[in-house]
Each structure stands twice: as C-alpha cells, then as structure tokens.
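Working notes for the structure below.
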Amino acid sequence: MHDRRPDLAPDADLSRGEMEALQREIGTLATFEDDFAFDPDALSNPLASTADGGKPPVVVGVDQSFLTNDAGDQDRALSAVVATRGGEVIERVHAVTPLEIPYIPGLLSFREGAPILAALENLSVDPDLCLFDGSGRIHFRQAGIATHMGVVRDVPSIGVAKSLLCGMPREDTDDRPTGTKIPIESNARVDAPDGTVLGYAVQTRQYDSPNRSINPLYVSPGHRVGPETAADIALALASSYKLPDPVRLADKYADEAKTSLGK
DNA sequence: GCGACAG
DNA sequence: ATCTTGTCGC
C-alpha cells in the first residue's frame, strides 16, 4: 500500500554515478507494458459502470512547486497530489521537504522525489494510476521521475512532459490535429536499442485556425503501462485543456498550497 | 571541445 | 520551476 521498494527511493546524498547506476537498475525493474487491473475505458467513460459494476479507478495527478526562504533562495519543494475518480476530485494532499540538490537534466527524481513520496504517503485512498509531470521511459537511462516513483510504489504510472528530454520523433510533430500520436524512438543518447519506442508525442488539443498552434505533450510509460496505452490515457483524461485533468489540477493545487503558505 | 538538456 | 502585463485572436 506504500513504498514497495524503499531501497530504491531517490537518495540525494548519493554520488552522481551512484544515482545513474540506480536509474539503470530501475530501468531494468520497470515494466513498460500494460499490467494493471482497472479498465482503461472506464477513464474516458467515467459515468459508465465498470465491468464488475464497481467504482471507476482512482487516478492521481502529481506536480511540484517551490518555496522561497527569507533570503530569497528556493530551499523547499512542495509536491501536490490530487486524486480523482470518474472525473471527480476525491482527495488532495501535499508535502514539503527541503531541497537537497539543484536541477540536473536526467536526475530530476533525486531533486523532487522526496516530497512526492511523502505526499503520496499522506493519501488515504489507494491510487490505481499515477500521472507525473515529467518523463517516464523517455529518459537517458529509461528511468525518468514517473518510472522511478512508479517502481518504488509499484503503482502503474505515466510520465507527462511538456518538452522532450531525449529520443527522436519518428516524424515532424508540428501543427498536428487533436488526437495525433507520433512515436518517440530511442537514439544514441538513450540506453536502449535504437528505434525502441520510448513514448509518444501526443496532441491532446489543437486550435482550428492555422494562426496559432499548440505543442504536443510527450507521454511515456512510467511503470506497468505500455507506451500506446499511456498515450491513449493521456488523451482520454485531457477533457478541456492540454494537460490531462489530474495533472492540471495538481499543477493548480501546487500553486495554491504554495501561496497559502506565504510563498 | 561542442551540443543537448524533464522541472 | 520561476520572474509577470499586456495583448493577440476567437
């Protein structure tokens, strides 16, 4: 119900080499294919009854904001968690932990993982699926923050990033219509055979007029979800905005909780 | 040395 | 991530 692999939790005291080694291990322990109990169709059809007549799955969104001390330095990270079921918010929790290391591309989970795990511990409901702001398998060592958190908790997880960390789109992603999914393949910068589908560029929303254009989201498996399913779930959960609802709600809550704490 | 680089 | 008003377009 909590951390299934606390031994794999991000430790900011590790050396950079040790962090990267841990990520390689997590990459091999992660499952990049569907392995969950809920019915993914129950997400896009929240009002429809599930196969067993039970409640829709609990989908959680996670996002972070940062707090500044009196000296003007960012010294704490705030992780906000919003739990939804059938499109309704059923619980919101957050946690604040001190920042231990700076932002380093590829090592995000060692900077933001502690508050995330702390916030998830505060949740009374048990998540069926967690969506994170950042990459999952689209990562140099196939262990982005969504994968790291997913493996530690052993919960199905998906990474939703607004920009691409690594890998190469199979084709041009500009100005695509809503619903477009373009595979992101591994290249030399990624510890995976070239051509491996790491995730998808997903166009969750797009304008009608050619004047302006919305950039795609980069969706990748965290743990126990395949790339295709991850992309479809992101699309299904983006009901009104570019970001899937749980992530957008967590984004907003992270800001609200930060403000309510006096910045 | 040069370029790339989630949040 | 964060600093931030107006402004373009529907």
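Here are some conditions: (1) among the small types (G, A, S); (2) surrounded by 14 or more Cβ atoms within 10 Å (Cβ to Cβ); (3) farther than 19 Å from A:G106 by Cα. A:S213 meets all but one. Which one does it not meet?
Of (1) among the small types (G, A, S); (2) surrounded by 14 or more Cβ atoms within 10 Å (Cβ to Cβ); (3) farther than 19 Å from A:G106 by Cα, only one is false for A:S213: (2).
Could you count how many residues in region A:58-74 are among the small types (G, A, S), within 16 Å of DNA strand B (Cβ to nearest atom) and not in a strand (DSSP E or B)?
Adding up the residues that qualify gives 1.
Restricting attention to region A:158-188, which residues are of a type in the set (K, R) and either in contact with a Leu (Cβ under 9 Å, 6 or more places away or on another chain) or closer than 13 Å to A:G136 by Cβ (or both)?
Once the filter is applied, which keeps residues that are of a type in the set (K, R) and either in contact with a Leu (Cβ under 9 Å, 6 or more places away or on another chain) or closer than 13 Å to A:G136 by Cβ (or both), region A:158-188 yields A:K162, A:K181.
Condition check ((1) small (G, A, S); (2) open to solvent by 50 Å² or more (accessible area, probe 1.4 Å)) across all residues:
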site: A:F140; (1), (2): no, no
site: A:I145; (1), (2): no, no
site: A:K162; (1), (2): no, yes
site: A:A188; (1), (2): yes, yes
site: A:A192; (1), (2): yes, no
site: A:Q203; (1), (2): no, no
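Looking at A:L108, A:L117, A:L78, which one is within 16 Å of DNA strand C (Cβ to nearest atom), modelled with pLDDT of 95 or more and farther than 19 Å from A:P221 by Cβ?
After applying the criteria, what remains is A:L78.
Between residues in region A:57-77 that are at negative phi and basic (K, R) and residues that are within 10 Å of DNA strand B (Cβ to nearest atom) and not in a strand (DSSP E or B), which pairs lie under 8 Å by C-beta distance while being six or more apart or on different chains?
A:R76/A:L99
Restricting attention to region A:76-89, which residues are in contact with a strand residue (DSSP E or B) (Cβ under 7 Å, 6 or more places away or on another chain) and surrounded by 15 or more Cβ atoms within 10 Å (Cβ to Cβ)?
Correct list: A:R76, A:A77, A:L78, A:S79, A:A80, A:V81, A:V82, A:A83, A:T84, A:R85.
Is at least one residue of region A:167-176 more than 21 Å from A:P40 (Cβ to Cβ), of a type in the set (A, V, I, L, M), in contact with a strand residue (DSSP E or B) (Cβ under 9 Å, 6 or more places away or on another chain) and more than 16 Å from DNA strand C (Cβ to nearest atom)?
Checked against the condition, which is being more than 21 Å from A:P40 (Cβ to Cβ), of a type in the set (A, V, I, L, M), in contact with a strand residue (DSSP E or B) (Cβ under 9 Å, 6 or more places away or on another chain) and more than 16 Å from DNA strand C (Cβ to nearest atom), region A:167-176 yields at least one hit.
Here is a check on your reading of the model: is A:Y241 open to solvent by 10 Å² or more (accessible area, probe 1.4 Å), within 21 Å of A:R85 (Cβ to Cβ) and either outside any helix (DSSP H, G or I) or without any contact (Cβ under 8 Å) to a residue 60 or more places away in the chain (or both)?
Yes; evaluated as a whole, the condition is true for this residue.
Yes/no per residue for (1) within 20 Å of A:R224 (Cβ to Cβ); (2) more than 14 Å from the chain's Cα centre (by Cα):
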position: A:S135; (1), (2): yes, no
position: A:I138; (1), (2): yes, no
position: A:R141; (1), (2): yes, yes
position: A:V155; (1), (2): yes, no
position: A:C166; (1), (2): no, yes
position: A:P169; (1), (2): no, yes
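The values are calculated or read from the model by the stated rules, or taken from the named source; none is laboratory data. It should be emphasised that the depicted structure is a prediction, and the values quoted were computed from it without experimental measurement. When we count neighbours, we look across all protein chains shown, and the Cβ atoms used for this are built from the backbone with ideal geometry, even at glycine. Only protein heavy atoms, including side chains, enter the accessible area calculation; ligands, DNA and RNA are left aside. Shrake-Rupley method; radii C 1.70, N 1.55, O 1.52, S 1.80 Å.
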